[in-house]
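To start, the structure under review is shown below, and the notes come after it.
The values are calculated or read from the model by the stated rules, or taken from the named source; none is laboratory data. The shown structure was predicted, so the numbers you read here are calculated from the model rather than taken from an experiment. All Cβ positions, glycine included, derive from the backbone under ideal geometry; neighbour counts span all protein chains shown. Only protein heavy atoms, including side chains, enter the accessible area calculation; ligands, DNA and RNA are left aside. Shrake-Rupley method; radii C 1.70, N 1.55, O 1.52, S 1.80 Å.
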Amino acid sequence: MEAPIFTYMTKYRYRKVVLCQNADVGLKAVIAIHSTTLGPATGGTRMWTYQSEADAIVDAMRLARGMTYKYAAAGVDLGGGKCVIIGDPKTEKTEGLLRALGRFIQSLGGEFQTGEDVGTTLDDMEVMAAECDYIVTLPEHAGGAGPIAPATAFGVLQAMKVCCREVYGSESLKGRRVSLQGLGAVGAEMLKLLAEEGAQITVADIDEVKVGWARRDVGARAVGPDALYAEPCDIFCPCALGGILNDEVIPALRCRIICGSANNQLWEERHGDELHRRGILYAPDYIANAGGTIFDTDRLRKGGFNRERAMRNVARIGETMERLIARSQREAIPTSVAADRLAEERLAMKERVRLI
Ligand code: NAD
């Protein structure tokens with residue numbers, strides 16, 4: 001953290017950070033609530049082996065703020081929050097720990113609601129829901145929308161087509177060279193969609209089994225994880241890690257478009273400026289990857305979950321991307337800045353409405 005915690009909270013206008021502990025079940029968790037301007041703070045629960053407790057707090061806070069922007073820009077009436085559990089999801093996750101966290105979230109009375117994230121599953125959410133009324137992401141049999149990765153990938157595809165239209169004059173992906181980083185939940189869906197669109201796909205994943213599957217099933221080319229950045233391609237599609245668009249990677253990239261699902265792709269905000277300067281069209285991560293969350297939170301709208309409405313709203317990611325490109329050109333700003341302005345304007349609008 002670049003400053004003491006209250007200075008950081010004041011600078012970025014966080015509402016609260018809650019530390020939850022229950023030594024009996026080994027629970028150490030952080031709930032960061034960034035904004036409730038548009039609605040209850042909402043964001044996934046991540047379980048990760050953090051190097052330090054401070055790292056966990058920073059991660060929860062950064063991710064919570066990201067959720068505020070994601071919902072605001074997507075036109076969803078929810079605020080930004082995030083929960084992180086400190087621990088190894090493979091060895092330290094127990095029913096007791098999940099239930100204890102569920103009780104903490106319940107005690108916030110609906111100010112924060114959550115779902116699955118890295119290190120947690122829909123099944124874990126079902127366990128937490130036994131203690132808590134504020135679990136959004138649930139399996140279909142428990143009243144939820146089910147897996148969200150297909151909607152995330154579909155949203156990325158909509159943004160990618162708009163970027164292609166802008167750069168190449170056609171939104172068709174047929175024959176376009178796409179470098180796909182990561183073949184996890186979203187990457188695997190992306191691979192299928194890109195293959196259906198007739199793209200020429202090059203993949204990389206640290207998991208050789210997944211790479212073998214991509215080669216066999218859709219005839220994708222594969223390169224090593226580090227080699228992917230310098231692969232000549234039309235579109236780089238990051239679906240694995242955050243922070244990859246940094247001082248080292250950006251000069252190596254040989255693409256015209258970056259559009260993928262990974263969260264927090266820009267190492268720092270200035271890297272969005274650098275992509276703009278180099279003429280690489282960047283689909284801001286929280287715009288392109290909002291599909292899953294738009295789909296998932298549809299169940300909170302009047303009348304409950306409606307798959308058709310949810311997918312229609314996911315498809316609108318394309319229109320948002322069009323607006324960002326137009327604004328970036330009109331105001332001579334990077335698309336990353338255009339996205340932040342879009343989100344901040346919606347938040348400011350809601351603040352004004354609140355004052356009436
Ligand atoms: P996942 O854990 O299922 O998949 C990540 C994949 O990336 C794994 O296959 C992993 O082996 C691979 N990977 C890790 N390091 C790599 C490297 N150096 N090079 C290449 N591959 C590497 O995660 P996911 O749910 O598919 O999410 C992918 C990204 O998209 C994450 O950043 C996530 O935060 C973001 N995201 C996901 C969703 C969703 O619907 N799941 C929604 C929004 C954003």
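With a 1.4 Å probe and every protein chain left in place, work out the accessible area per residue of the chain in Å², rounded to a whole number.
45 Å²
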Legend entry - Longest DSSP-loop-exposure-free segment, trypsin sites (Lys or Arg not before Pro), the chain, at most 12 other Cβ within 10 Å: 175-277
Inset, instruction - Using the Cα centre as the reference, give the magnitude of the dipole from point charges on the C-beta atoms of the chain (Lys, Arg: +1; Asp, Glu: -1; all else neutral), rounded to the nearest 20 debye. - result: 1140 debye
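Rounded to the nearest 500, what is the chain's calculated 222 nm mean residue ellipticity when only DSSP H runs of at least 4 contribute -39500 (n - 2.57) each, over all residues?
Numbers: 13 runs with 157 residues, N = 356.
Only helices count here, giving -13500 deg cm²/dmol.
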Inset, instruction - Starting from the Cα of R323, move 7 Å in the Cα-to-Cβ direction to define the label point; list residues of region 273-303 whose amide nitrogen is under 18 Å from there. - result: 283-295
Inset, instruction - Provide, in order from the shortest bin, the percent of all Cα-Cα pairs of region 222-275 in each 5 Å bin, continuing until the bin that contains the maximum pair distance. - result: 5, 20, 32, 32, 9, 1, 0
Legend entry - Longest DSSP-loop-exposure-free segment, GluC sites (Glu not before Pro), the chain, at most 13 other Cβ within 10 Å: 3-247
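Could you tell me which of rounded, prolate or oblate describes region 147-268, using a ≥ b ≥ c as the square roots of the eigenvalues of the alpha-carbon gyration tensor, with rounded for a/c under 1.5 and, failing that, prolate when a/b is larger than b/c and oblate otherwise? Display every interim value, and only then the final one.
On the way: a/c = 1.24, a/b = 1.02, b/c = 1.22.
It comes out rounded by the Cα gyration axes.
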Legend entry - Carbon/sulfur fraction of accessible area - region 131-201, other protein chains in place, 1.4 Å, %: 47 percent
Legend entry - Mean separation of Cα contacts under 8 Å (6+ apart) over length of the chain, as relative contact order %: 15 percent
Legend entry - Rough spin-label spacing in nm, given labels placed 7 Å along Cα→Cβ, for R341 and K16: 3.6 nm
Legend entry - Estimated vicinal HN-Hα couplings, Hz - region 68-83 in sequence order (Karplus 6.51, -1.76, 1.60; Gly, Pro = x): 4, 5, 4, 5, 4, 5, 7, x, 9, 7, 9, x, x, x, 7, 10
Legend entry - Length-normalised contact order for region 54-118 - Cα pairs under 8 Å, 6+ apart - percent: 26 percent
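May I ask for the percentage of alpha-carbon pairs in the chain that lie more than 25 Å from each other? Can you show the working numbers first?
Values: 33354 of 63190 pairs.
The calculated P(r) of the chain puts 53 percent of pairs beyond 25 Å.
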Legend entry - Leading residue at positive end of dipole, region 165-295 (Cβ point charges), from Y286, W213, L275: W213
Inset, instruction - Can you send over the carbon and sulfur percentage of the accessible area for region 1-111, probe radius 1.4 Å, protein chains only? - result: 50 percent
Legend entry - Spacing of the two label points (7 Å from each Cα toward its C-beta) at E248 and E53, in nm: 3.1 nm
Inset, instruction - Under 1.5 on a/c is rounded, so check that first for region 99-141, then, if it is not, pick prolate when a/b is larger than b/c and oblate when it is not; a ≥ b ≥ c are the square roots of the alpha carbon gyration tensor eigenvalues. - result: prolate
